[in-house]
Every structure is written in C-alpha cells, then in structure tokens.
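Data block below; observations after.
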Amino acid sequence: MTISKAVVIAALRERSQHARAEFVDRELPDRIDPARHSGLLAMLRLDPVALAESESV
C-alpha cells in the first residue's frame, strides 16, 4: 500500500500546516510508503490507514 503525496499535502493544508506541506512536497516521492516513512507520518500526526481510505474515495 502506498499513499499519494497529494493526499498528505491536502491533509496538512486542511490543518493550516502549510510549511509542513511544502516540506513534504519537496522531500517525499509522489507515492509514499507508510512503512518506510512511518516516523515522518507519526511526527505529522497523520494516520496512514485514514489517508489510504480517503484516497480511495
């Protein structure tokens, strides 16, 4: 399972965390592997399962 970088950026922007969204946009690949980037997602307080579900809608 991978998550689109756009979904992560949108989630951060919804919380008005624009600087973090810009960082994610610069530093991460277009498809984010939750296992590989679990620490970053945890730091950003993002749930990979919820992100994957929102992506499939």
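The values are calculated or read from the model by the stated rules, or taken from the named source; none is laboratory data. Predicted model only: the values in this text are computed from it and were never measured. All Cβ positions, even for glycine, are placed from backbone atoms using ideal geometry, and neighbour counts span all protein chains on display. All accessible areas refer to the heavy atoms of the entire protein, side chains included, with ligands and DNA or RNA removed. Shrake-Rupley method; radii C 1.70, N 1.55, O 1.52, S 1.80 Å.
Being part of a helix (DSSP H, G or I) and open to solvent by less than 100 Å² (accessible area, probe 1.4 Å) is the filter here, so list the residues in region 29-57 that pass it.
Hits for region 29-57 are 38, 39, 40, 41, 42, 48, 49, 50, 51, 52, 54, 55.
Mind listing whichever residues of region 1-28 are part of a loop (DSSP other than H, G, I, E, B) and modelled with pLDDT of 95 or more?
15, 16, 17
What's the total number of residues in region 9-27 that are more than 9 Å from the chain's Cα centre (by Cα) and either surrounded by 13 or more Cβ atoms within 10 Å (Cβ to Cβ) or of a type in the set (D, E, K, R) (or both)?
Looking only at region 9-27, we keep the residues that are more than 9 Å from the chain's Cα centre (by Cα), and these are 13-20, 22-23, 25-27.
Then drop every residue that is not either surrounded by 13 or more Cβ atoms within 10 Å (Cβ to Cβ) or of a type in the set (D, E, K, R) (or both), which leaves 13-15, 17, 20, 22-23, 25-27.
Result for region 9-27: 10.
Checking residue 54 against (1) on the phi < 0 side of the Ramachandran plot; (2) of a type in the set (Gly, Ala, Ser); (3) over 10 Å from the mean Cα position of the chain (by Cα); (4) modelled with pLDDT of 95 or more, which test does it fail?
Here residue 54 meets the rest and fails (4).
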